[in-house]
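Reviewing the structure listed below.
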Amino acid sequence: MSDLTNQLPKSSYDYFSPISMIDNIDPLFKAIINTGAFKRLNNIRFLGGIDYILVPFPNGSKSNVRYTRYQHSLGVGKLALYYANLRELTESQTRLAFAAGLLHDIGHAPLSHSLEPVFQDAFGIDHHQATESIIRGEIPLGKELFQTLKEYHIDIDNLTALINGEDDVFEGFFSSPINFDTIEAILRSRRYIKPRDISPCPIDIVRAATLRASDTDRLLVDRFWEYKQQVYKHIVRSRDGVIADYLCQKTARSHLNRLTKEDFFSTEQRLFERMPNLRKILQRFLPIEESLFLDEPIPYKMRHFYVEQNECFFERMDKKRYMQIKLEGKIIPRTNLSN
């Protein structure tokens, strides 16, 4: 693939604070982020357990920081708002897209995907169900948010269908492989491995994927899909990534008598109080107990992402062009991560 460095748009993007009232004067923004449900995301790490392995001592430096689901959600909201302005959507359409962007992760549990399988097995809940329960105000955490959405005349059924990828409105940016969530998440994740790398910001990818006006747009979106392969290989499904998920799940399963379904809707601070050794294990302060971390292979699903060049970018054949395959893999654990 040709070098895009000199062709990249010069957009800027603040991963620490992607959006503010300067970007959006609509009071819906402030109303949503001021709810308790949204504020909770500030105490949920973006990458789950691996955040604590990759960055054991966050010190404020841009190359040594953990991100949160709160920051990521603001970013996805910003991308949805940018798209709405680019396409000159109506106020009601803009609010729907913007609300979906902000709330797409509202149901994530502490430690996100690292811990979700345990809650699903033990209590029958995952982040999709949790998201819907919160948005519909079916649990105490969601009642304030539900009333806020009703006050601004947001159609709850349309909102949940959009978040769940059941509606292809907005050119598939909530349902296709090239979507607001994935764009923000992959480029944010890439900063863990290449914080100073010159790469397109999420706004550039959304612009290219929306307009599709040139080969530069095509190359830019294709390059983004290559970045997804990098992130999964070196972070999400890396050795440390698999081990982090395994540690979180093994620890939680050994502490099920201390966990309840309500803990799914709590924070990481609260969760670490329930399982006091987990943070220290992830940060490598404590050796992994033999009873917890067995010398047996850890099975996991690998993913490989590739571009099917025969499918037309300009005809928006994204579900056939931007592909992935899943493979079975195994990691042989060590009894001490520091070795």
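The values are calculated or read from the model by the stated rules, or taken from the named source; none is laboratory data. Note that the coordinates shown come from a computational prediction; the quantities given were computed from them, not determined experimentally. Cβ atoms come from the backbone with ideal geometry, glycine included; neighbour counts cover every protein chain shown. For accessibility, only protein heavy atoms count, side chains too; no ligands or nucleic acids. Shrake-Rupley method; radii C 1.70, N 1.55, O 1.52, S 1.80 Å.
Values as computed for the structure displayed
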read-out	value
Number of positions in segment 68-90 that are touching a residue at least 40 places away in the same chain (Cβ under 8 Å), part of a helix (DSSP H, G or I) and not small (G, A, S)	11
The listed residue being open to solvent by 40 Å² or more (accessible area, probe 1.4 Å) and either modelled with pLDDT of 90 or more or more than 20 Å from K78 (Cβ to Cβ) (or both), out of D3, D23	D3
Qualifying residue in segment 59-72 (condition: at pLDDT 95 or above, charged (D, E, K, R), within 27 Å of L247 (Cα to Cα) and in contact with a strand residue (DSSP E or B) (Cβ under 8 Å, 6 or more places away or on another chain))	yes
Residues satisfying the stated conditions in segment 250-262, i.e. part of a helix (DSSP H, G or I) and open to solvent by 40 Å² or more (accessible area, probe 1.4 Å)	K250, R253, S254, L256, N257, R258, K261, E262
Failed condition for T148, given (1) open to solvent by 10 Å² or more (accessible area, probe 1.4 Å); (2) outside any helix (DSSP H, G or I)	(2)
Residues satisfying the stated conditions in segment 81-122, i.e. touching a Phe, Trp or Tyr at 6+ places or on another chain (Cβ under 7 Å), open to solvent by 10 Å² or more (accessible area, probe 1.4 Å) and closer than 18 Å to A185 by Cβ	L81
Which numbered condition I193 misses (of (1) within 17 Å of the chain's Cα centre (by Cα); (2) at pLDDT 95 or above; (3) not hydroxyl-bearing (S, T, Y))	(2)
